[in-house]
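The values are calculated or read from the model by the stated rules, or taken from the named source; none is laboratory data. It should be emphasised that the depicted structure is a prediction, and the values quoted were computed from it without experimental measurement. Here Cβ is always computed from backbone atoms with ideal geometry, including for glycine, and neighbour counts include all displayed protein chains. The accessibility values were calculated without ligands, DNA or RNA, using every heavy atom of the protein model including side chains. Shrake-Rupley method; radii C 1.70, N 1.55, O 1.52, S 1.80 Å.
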Amino acid sequence: MQQAENHGRCRAVIDGMKHQWPLFAVFATAGLAAVDPGPGAGIYSTANDVLAPSLFLLVGLSLPIAEVQEGAFAWRFHVLCQGYSLLVIPLAYYGLTYHWVKASGVLVGSFPDATLAAMAMPTTTTTCILFTRQANGDDSVTAANAVIGNLVGAVTAPLLLSRLLGGDAAHWDLQTAATDVGLKLLLPLLAGLALQILLSTQVPQCWGSPARKKGIGFSFTLILVLFFYLIFCKAFSGGAHGLSVPDVLKMVGFVTVVHLAVLTGAWFAGTWLSPRRRAALLFCAPQKTEGMAMTLLALIFGGANIGKDTLPIVAYHSIQMVAAACLTAPVAEWIESQPGALGEELDARLMEEAPELPAAGEWGCGDEFKAGAT
């Protein structure tokens with residue numbers, strides 16, 4: 001029995017590592033770029049113009065439109081989730097810690113700006129849904145917010161960053177950036193959504209196949225890993241930019257604390273929600289997409305130190321994946337322990353407030369109705 005349990009635990013660890021292979025790939029690309037950054041640094045600018053639109057075309061193709069219908073009209077939840085994700089998190093970071101970490105030297109160089117860029121991003125397109133589903137949360141509202149967040153965030157993130165950073169972002173030109181965001185983010189994203197709708201109606205059998213979902217997901221991850229490789233090459237080709245190991249460790253520690261604070265805020269913000277939707281908020285609002293962040297960082301900070309600027313993004317993404325993976329099992333157990341986890345408490349209140357229905361015989365249906373109802 002003990003051997004079987006140990007085997008099960010090992011299998012779960014291996015399966016978890018398989019799901020997190022992009023993180024290992026990102027770390028591997030950093031090592032490759034450190035050894036020989038020349039090839040990637042030489043094609044960074046040209047490749048960026050191709051990879052960024054491709055990335056968001058795949059985002060549009062992969063957004064879970066078909067899964068949105070059930071949770072599409074939970075507008076109170078959507079307002080809470082998007083308000084917390086796109087406004088409360090970046091504004092709280094800016095108001096409470098941004099100026100302090102710059103003045104105190106806790107984060108060096110452009111790390112405070114890059115961390116703010118990470119905080120302004122919308123939620124992820126798929127992992128937030130997967131974690132919510134693993135925790136037995138309401139993945140229908142999570143799917144709806146993955147779509148809403150990436151559409152709204154593509155507009156709000158650059159506008160909010162331009163407003164908050166202002167002169168601090170030396171390379172920021174709002175008019176140029178707005179054009180680039182439209183061409184590199186919004187246009188491919190909307191094209192992907194339109195193509196998804198067209199293909200799902202014209203060839204529903206092929207479009208609904210698991211192979212299609214895996215192919216798009218793998219292509220997205222592959223492009224993102226390649227994007228990171230080029231960015232790291234760009235970083236290492238210009239030297240360390242004055243960075244030291246303690247600087248990086250302090251940044252990782254700070255970002256960890258920030259993410260834990262964001263998770264705690266999301267948990268308490270959802271106290272009025274049902275247990276399953278509270279779990280959905282926990283796994284949706286605090287998570288931040290890295291693909292959009294890469295493009296926006298390139299627009300805001302230019303190409304000079306773009307590799308260094310991505311380190312807070314990589315750190316936050318890695319931390320949020322580890323934290324979510326650790327929370328799924330405890331949250332699932334908590335949901336199961338709640339008497340109203342599946343909405344029974346709401347159903348009970350509705351039944352109490354509803355008028356009493358006539359007995360079966362009063363409908364003229366007799367014993368047949370009773371038997372059918374039973």
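For Arg9, indicate whether it is open to solvent by 60 Å² or more (accessible area, probe 1.4 Å), in a helix (DSSP H, G or I) and either modelled with pLDDT under 75 or of a type in the set (A, V, I, L, M) (or both). For Arg9, the condition - open to solvent by 60 Å² or more (accessible area, probe 1.4 Å), in a helix (DSSP H, G or I) and either modelled with pLDDT under 75 or of a type in the set (A, V, I, L, M) (or both) - is met.
One line per residue, one yes/no per condition, for (1) under 19 Å from Gly291 (Cα atoms); (2) surrounded by fewer than 18 Cβ atoms within 10 Å (Cβ to Cβ); (3) at pLDDT below 85:
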residue: Val147; (1), (2), (3): yes, no, yes
residue: Gly167; (1), (2), (3): no, yes, yes
residue: Ala170; (1), (2), (3): no, yes, yes
residue: Asp173; (1), (2), (3): no, yes, yes
residue: Ala177; (1), (2), (3): yes, no, yes
residue: Val181; (1), (2), (3): yes, no, yes
residue: Cys206; (1), (2), (3): no, yes, yes
residue: Ala211; (1), (2), (3): no, yes, yes
residue: Lys214; (1), (2), (3): yes, yes, yes
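Of the set (1) farther than 19 Å from Phe268 by Cβ; (2) at pLDDT 80 or above; (3) polar (S, T, N, Q), all apply to Gln69 but (2). Residue pairs whose Cβ atoms lie under 8 Å apart, sitting 6 or more positions apart in sequence or on different chains, and linking a residue in the stretch 186-206 that is closer than 28 Å to Pro122 by Cα to a partner that is in a helix (DSSP H, G or I) and open to solvent by 70 Å² or more (accessible area, probe 1.4 Å), are Leu199/Cys206; Ser200/Ala66.
Note on the stretch 31-66: residues that are farther than 20 Å from Leu186 by Cα, assigned to a loop (DSSP other than H, G, I, E, B) and either in contact with a Phe, Trp or Tyr (Cβ under 7 Å, 6 or more places away or on another chain) or modelled with pLDDT under 80 (or both) amount to 1. Annotation: of all residues in the stretch 243-291 being aromatic (Phe, Trp, Tyr) and in contact (Cβ under 8 Å) with a residue 12 or more places away in the chain, the one that is most open to solvent (accessible area, probe 1.4 Å) is Trp267.
Of all residues in the stretch 35-56, those that are under 20 Å from Leu183 (Cα atoms) have Cβ atoms under 8 Å from Cβ atoms of residues that are outside any helix (DSSP H, G or I) and open to solvent by 30 Å² or more (accessible area, probe 1.4 Å), 6 or more apart or on another chain, in Tyr44/Gly303; Ser45/Gly303.
Just so you know, in the stretch 96-119 the residues that are free of Cβ contacts under 8 Å to residues at least 60 places away in the same chain and within 27 Å of Ala325 (Cα to Cα) include one that is farthest from the chain's Cα centre (by Cα), and it is Pro112.
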